[in-house]
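Engineer: Shown below is the structure under consideration.
The values are calculated or read from the model by the stated rules, or taken from the named source; none is laboratory data. Nothing here was measured: the structure is a model prediction, and the numbers come from that model. Here the Cβ positions follow ideal geometry from the backbone for every residue, glycine too, while neighbour counts run over all protein chains shown. Just so you know, the surface numbers come from the protein's heavy atoms only, side chains and all, with ligands and any DNA or RNA stripped out. Shrake-Rupley method; radii C 1.70, N 1.55, O 1.52, S 1.80 Å.
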Amino acid sequence: MDEVSRGVFVPFGVSPTAPPARKNTTAVPDGAASASSSTTSDRGGEKQGAARMDRAEDHRERVNLDVDRDDNDRDDRRRRDDEDRSLRLREQFRSFREMASPYFRENRDGRRLLLAIVFLTLANSAVRVFFSYLARDFWSALQDKDADTFYDVMFKFLGAMIVLAPINVAYRYQRQKLAIAWRKWMTGRVLRLYFSNRVYYMLERRSSSSTSTSGVVVDANAAKSAHPNDETATREVDNPDQRISEDIRSFTEFSLSFFLTIITSVIDLVCFSFILFTIMPQLFIAILLFATVGTVLTVVIGKVLIRLNYEALRKEADFRFSLVRVRENSESIAFYAGENVEERETDRRFENVIDNMSLINVAQRNLDFVTTYYNYLTWILPIMVIAPQYFAGNVELGVISQASSAFGHILDDMSLIVNSFTDISQFSAGIARLHSFLGAIAKLDPQRVSTTSLLGLHVDENDGAILRGGERMSYTTPAVAIRVKEVDPALDRLGTISPGSFSSPSRPSTILSIDRLCLATPDNKRLLILNLNLSLPSGKNLLIVGASGSGKSSLLRAIAGLWSTGEGEIVRPRSEHVYFLPQRPYCPPGSLRDQLLYPSTEHTDDHFALTGIDGSEHRPDGGPRPKDERRLYKDWTDDDLLGVLQSVDLPHLAGRAGDGDPYRGLDAVMDWGNTLSLGEQQRLAFGRLVINRPRLVIMDESTSALDVPAETKMYNLLKDLSSGGELGARRLTYVSVGHRPTLLAHHDLKLSLGGGSGFVSEIPSNACMVDEGFILS
Ligand SMILES: Nc1ncnc2c1ncn2[C@@H]1O[C@H](COP(=O)(O)OP(=O)(O)OP(=O)(O)O)[C@@H](O)[C@H]1O
């Protein structure tokens with residue numbers, strides 16, 4: 001049996017020490033193999049260590065400090081029921097098939113590679129059988145002191161080794177190549193599904209609104225019928241980052257390894273059973289009984305490891321996440337002097353890890369008793385059975401060697417479960433985690449219906465839209481939900497929407513319309529807005545006011561399409577023409593230039609093309625990537641970008657970042673979110689507006705950290721864009737949420753929210769705001 005394919009690879013990372021595998025049976029002469037047999041657990045241990053190290057990857061922020069223990073217990077019980085189902089063997093097999101088959105169904109290169117590997121596996125097995133005969137002749141020649149036969153056998157050994165080496169190397173190389181290609185495809189596909197239709201956002205939203213430590217816990221029973229946006233549509237999906245980065249890798253590598261192990265085992269079993277049966281049928285029957293008893297005992301004693309390994313993955317990730325969260329919120333925690341709370345919470349999670357590790361250790365110890373006795377017995381059992389025949393002179397020494405080696409092979413094949421139980425238990429846990437993650441993604445995606453396979457995706461060649469059965473998918477929104485209609489940006493250079501969209505030439509063009517909107521919180525517990533109607537003409541800027549908690553930001557979320565619980569229709573330009581500015585701008589990793597350009601890109605689609613396994617270029621998910629609509633209207637030179645910084649009152653930022661050289665500063669990479677003050681970040685966000693040139697800007701207290709002159713400057717900049725002036729070739733309309741009286745002067749209309757209702761009024765040019773109303777000054 002190939003050393004890599006049996007017991008060495010440790011799937012799904014967290015693992016106790018693997019049980020001693022019987023021996024390393026890489027295709028070498030059998031006599032030599034028995035002399036140099038070694039356990040694989042050491043190398044398994046190394047891999048486990050490496051896998052644990054690998055887990056020091058970053059995790060995204062989730063703010064969920066308070067843990068309600070009662071709710072957690074209830075959620076835990078519910079989750080366990082779910083897991084029980086998903087850990088059952090038949091379920092496991094179905095899950096495995098659903099996740100493994102799409103790659104080979106969709107990818108011809110993958111199928112070819114797999115075939116080549118199966119062929120090489122057969123060749124490997126043939127060589128092994130040949131060696132078993134050579135080994136027999138070798139030992140018999142030694143016993144008979146037959147030098148001619150001895151040298152003849154040695155000569156054949158040398159010849160066979162010349163053939164064997166390339167087969168072995170090619171086998172390993174091709175197998176790894178397939179593992180890489182499969183991982184690449186599967187990760188690309190999952191990323192595509194994860195980022196489609198804001199699935200990543202909905203997963204996180206459930207995460208932060210649930211009481212789970214780092215995941216989503218809701219009713220799985222409701223999942224089948226519920227709409228994706230329904231709060232009860234998913235079950236636990238903790239640590240999606242770990243599932244994408246590690247679980248997929250483990251899944252593809254171990255699946256391949258295990259599949260080849262099974263093939264090799266079956267071939268071995270047939271060949272060596274034949275050999276052993278011809279030498280001594282009693283020995284063959286003894287081995288059958290021995291392996292059956294060993295397997296049953298192992299499964300009974302070790303099955304608890306599957307659940308514990310599942311828990312280990314989750315608890316390790318939770319622990320690591322708590323540390324990442326402290327790192328990301330270090331300043332806030334330091335200001336609050338909240339170290340004790342954080343330490344307690346981190347400790348609690350670490351205790352969970354340790355408790356689970358102790359349970360695994362106990363379960364592993366029990367399993368080790370069985371596997372260790374089992375493996376010791378296999379050393380003497382064949383010799384004991386055959387020795388009387390040898391001493392009676394009925395068989396030669398070479399036959400003992402061959403019988404013993406055949407016994408070893410068969411036992412290895414039949415003891416697959418005994419020897420790989422720890423690996424298999426981790427693999428099973430990983431399958432359950434990955435499957436539930438993909439299931440949640442599918443359920444949360446409004447463009448996917450329940451019958452769509454987990455990884456199934458058909459993409460329009462032209463624009464990258466997701467298709468099903470050749471048909472363009474429409475949103476499967478339920479009867480009652482807020483509809484966001486995105487109007488095709490057939491916009492002229494002055495920002496009007498062309499006839500036939502949602503304005504007519506005779507009426508002033510409308511940039512945003514809201515029709516009979518009723519908006520509730522996602523948990524459907526509070527109605528925030530009732531029956532709101534609004535038609536915002538292009539070029540008229542709107543200020544939304546209202547008491548704290550009245551639903552101002554929620555209305556913006558509904559306009560963005562993030563919240564859809566409620567009724568009514570919102571019509572707005574397509575996403576690439578709308579720009580949302582939150583209070584705390586997001587600073588992506590990268591250079592100052594990246595901060596300014598975000599989320600547009602200077603790259604063409606080719607940037608995303610990756611070299612395929614055959615050297616050809618294709619998209620990471622195997623299909624064409626959707627056209628990135630957010631292209632820059634022109635290439636921004638360094639001087640242009642520095643001019644933008646100047647216009648948003650950040651003239652020295654680039655120079656500072658580049659140690660005096662502003663051009664170098666544009667490419668300086670820093671942790672911008674933690675380096676710039678909030679006011680600087682807000683001004684930088686206005687710079688992005690200049691570059692991205694949206695038609696509609698929606699701002700949620702996005703000047704809250706600026707003083708009044710700076711705020712005025714930013715709004716003057718918007719007005720310049722709004723009039724299609726010097727800075728903007730295309731007209732822009734903006735909507736702001738804010739509390740400051742000074743904001744009135746920068747807007748034409750005011751929407752007042754409160755008590756569930758909202759009404760629009762015109763703002764007189766000489767008005768100032770008092771208690772979110774306004775008076776004439
Ligand atoms: N994910 C959520 N699930 C349930 N309720 C939520 C959620 N997010 C916000 N809310 C609630 O919805 C209400 C409206 O929130 P929103 O953020 O829109 O208020 P706001 O008017 O913008 O307030 P402020 O002026 O303080 O920013 C609040 O009572 C808030 O607690």
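Engineer: As a test question: what accessible area, to the nearest 10 Å², does HIS409 have when a 1.4 Å probe is rolled over all protein chains in place?
Structural biologist: 10
Engineer: Keeping all protein chains in place and using 1.4 angstrom, which order do ASP423, ASP515 fall into by accessible surface area, from largest down?
Structural biologist: ASP515, ASP423
Engineer: What does the net charge come to around PHE350 if you take all other residues with beta carbon closer than 13 Å to its beta carbon, with K and R at +1 and D and E at -1?
Structural biologist: For residues surrounding PHE350, the net value is -3.
Engineer: Set Lys and Arg Cβ to +1 and Asp and Glu Cβ to -1, take the dipole of region 295-396 about its Cα centre, and tell me which of ILE380, SER330, GLY302 lies farthest positive.
Structural biologist: Towards the positive end, the residue furthest out is ILE380.
Engineer: While we're looking at this one, here's another question. Quick one: ranking LYS303, LYS184 by accessible area, 1.4 Å probe, largest first, what do you get?
Structural biologist: Descending order: LYS303, LYS184.
Engineer: Something else: Quick one: net charge around TYR663, please, counting Lys, Arg +1 and Asp, Glu -1 for every other residue with C-beta under 15 Å from its C-beta.
Structural biologist: Working: positive: ARG593, ARG656, ARG664; negative: ASP638, ASP639, ASP640, ASP659, ASP661, ASP667.
Its environment carries a net charge of -3.
Engineer: Using only the heavy atoms of the protein chains and a 1.4 Å probe, how would ILE380, ILE354, ILE441 rank by accessible area, largest first?
Structural biologist: Heavy-atom accessible area, descending, gives ILE380, ILE354, ILE441.
Engineer: Nearest 0.05, what FRET efficiency do ALA745 and LEU191 give at R0 = 41 Å with Cβ-Cβ as r?
Structural biologist: 0.35
Engineer: If you count only protein heavy atoms with a 1.4 Å probe, what accessible area per residue comes out for region 381-442, rounded to a whole Å²?
Structural biologist: 26
Engineer: In square angstrom, rounded to the nearest 10, how much accessible surface does VAL669 have for a 1.4 Å probe?
Structural biologist: Probe radius 1.4 Å; accessible area of VAL669 about 110 Å².
Engineer: With every protein chain kept in place and ligands, DNA and RNA left out, what is the accessible area per residue of region 294-372? Probe 1.4 Å, answer in Å².
Structural biologist: Accessible surface, normalised per residue, equals 53 Å².
Engineer: Sum up the charges of everything whose Cβ sits under 12 Å from the Cβ of ALA705, counting Lys and Arg as +1 and Asp and Glu as -1, but leave ALA705 out.
Structural biologist: -1
Engineer: If the limit is 31 Å between Cα atoms, which of LYS303/LYS525; LYS485/LYS719; LYS184/LYS485; LYS184/LYS443; LYS443/LYS750 go over it?
Structural biologist: Distance filter (> 31 Å) returns LYS303/LYS525; LYS184/LYS485; LYS443/LYS750.
Engineer: With a 1.4 Å probe and all protein chains kept in place, how much accessible area does ASP659 have, in Å² rounded to the nearest 10?
Structural biologist: Accessible surface of ASP659 is approximately 130 Å².
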